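Reading through the structure tokens given below for one structure.
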Amino acid sequence: MSHTACFYFHGSLNDFLRRPKRATWFAYTFIGHPAVKDAIEAIGIPHLEVREVLINDLPVPLTHQLQPEDRVAVFPFDGRESELLQGIAAFRFVLDVHLGKLAKSLRLLGFDAAYDNALTDKAIVAQAQTEQRIVLTRDVNLLKHKAIPVGYWLRSQQTEEQLAAVIRRFRLLEHSRPFTRCMVCNGNISEVTKAAVLDLLPPKTKRYFQEFYQCENCRRVYWKGSHYERMQELVRRLAADRHA
């Protein structure tokens, strides 16, 4: 026998819904007594995006069993993102196969961003669990895995918009440490003298740049060129928006 409950999703959770169901009460039909987590994910919203659930105006855990005629209000982390990081020791990420450019941008700002375009979803989940990494993905279904400690679905397909969203979501501005991570292999990089890497530099770089860094793992050489300046400008804009 089927039953009906009513759901209302607040704030950014509406990004997952079709327009007729956004910011309004709507009916959800179910059989038996599923956990509210299962109902929310059946509607299309991964549980990792959910901060709180009220059923009939009372807070309940995601394991709570849905009952006929329940009125379920679901809230996101909007404005309370710090709660996401409970139990996460550092700002360490693992990204899905669609987010290679974002991984490089996060590394440029000094964040540990694991990425391999050959990783399966199963491998990403395992790495997130064993290394306590935050999963960043464009795949909503990936975030429905119970083993993932923290995750975030990227709404945009544009790299700079994705980076801005991650910085806001996880309050990364104060933790940025540019030129400490290799954009290619995610290894640590350190400052080196120009003489030590002179043979590895393009002619114009030799002429116009004096400050250099080298990856301790793959030996790639870095300098503060145009890509770095674009990332720094984005960080400045985000800082200005936060204090506006």
Restricting the search to the stretch 49-81, which residues are closer than 11 Å to LYS37 by Cα, in contact with a His (Cβ under 9 Å, 6 or more places away or on another chain) and among the β-branched types (Val, Ile, Thr)?
VAL53, VAL74
Conditions (1) at pLDDT 95 or above; (2) touching a strand residue (DSSP E or B) at 6+ places or on another chain (Cβ under 6 Å); (3) outside any loop (DSSP other than H, G, I, E, B): number failed by THR63
(3)
Check ASN217, ASN186 and return the single one that is at pLDDT 95 or above and on the phi > 0 side of the Ramachandran plot.
ASN186
Can you tell me how many residues within the stretch 8-39 are farther than 19 Å from GLY79 by Cα and polar (S, T, N, Q)?
2
Quick one: in the stretch 161-180, of everything that is under 14 Å from the mean Cα position of the chain (by Cα) and without any contact (Cβ under 8 Å) to a residue 60 or more places away in the chain, which residue is surrounded by the fewest Cβ atoms within 10 Å (Cβ to Cβ)?
GLU161
Residues in the stretch 223-243: is at least one assigned to a strand (DSSP E or B) and either basic (Lys, Arg) or over 20 Å from ILE134 (Cβ atoms) (or both)?
no
Could you tell me which of the residues PHE93, PHE75, PHE30 is part of a strand (DSSP E or B) and touching an Asp or Glu at 6+ places or on another chain (Cβ under 6 Å)?
PHE75
In the stretch 114-140, which residue that is without any contact (Cβ under 8 Å) to a residue 24 or more places away in the chain and not in a loop (DSSP other than H, G, I, E, B) is surrounded by the most Cβ atoms within 10 Å (Cβ to Cβ)?
VAL125
Of residues in the stretch 35-51 being out of contact with any Lys or Arg (no Cβ under 9 Å at 6 or more places or on another chain) and surrounded by fewer than 18 Cβ atoms within 10 Å (Cβ to Cβ), the one nearest to LEU66 (Cα to Cα)
ALA35
Among the listed residues PHE111, PHE30, which satisfies the condition of being buried (at least 16 other Cβ atoms within 10 Å of the Cβ), within 23 Å of ALA147 (Cβ to Cβ) and not aliphatic (A, V, I, L, M)?
PHE111
Which of the residues belonging to the stretch 154-168 are of a type outside the set (D, E, K, R) and outside any loop (DSSP other than H, G, I, E, B)?
THR159, GLN162, LEU163, ALA164, ALA165, VAL166, ILE167
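The values are calculated or read from the model by the stated rules, or taken from the named source; none is laboratory data. Just so it is clear, the structure is predicted and the values come from calculations on it, not from any experiment. As a convention, Cβ positions derive from the backbone with ideal geometry for all residues, glycine included, and neighbour counts pool all protein chains shown.
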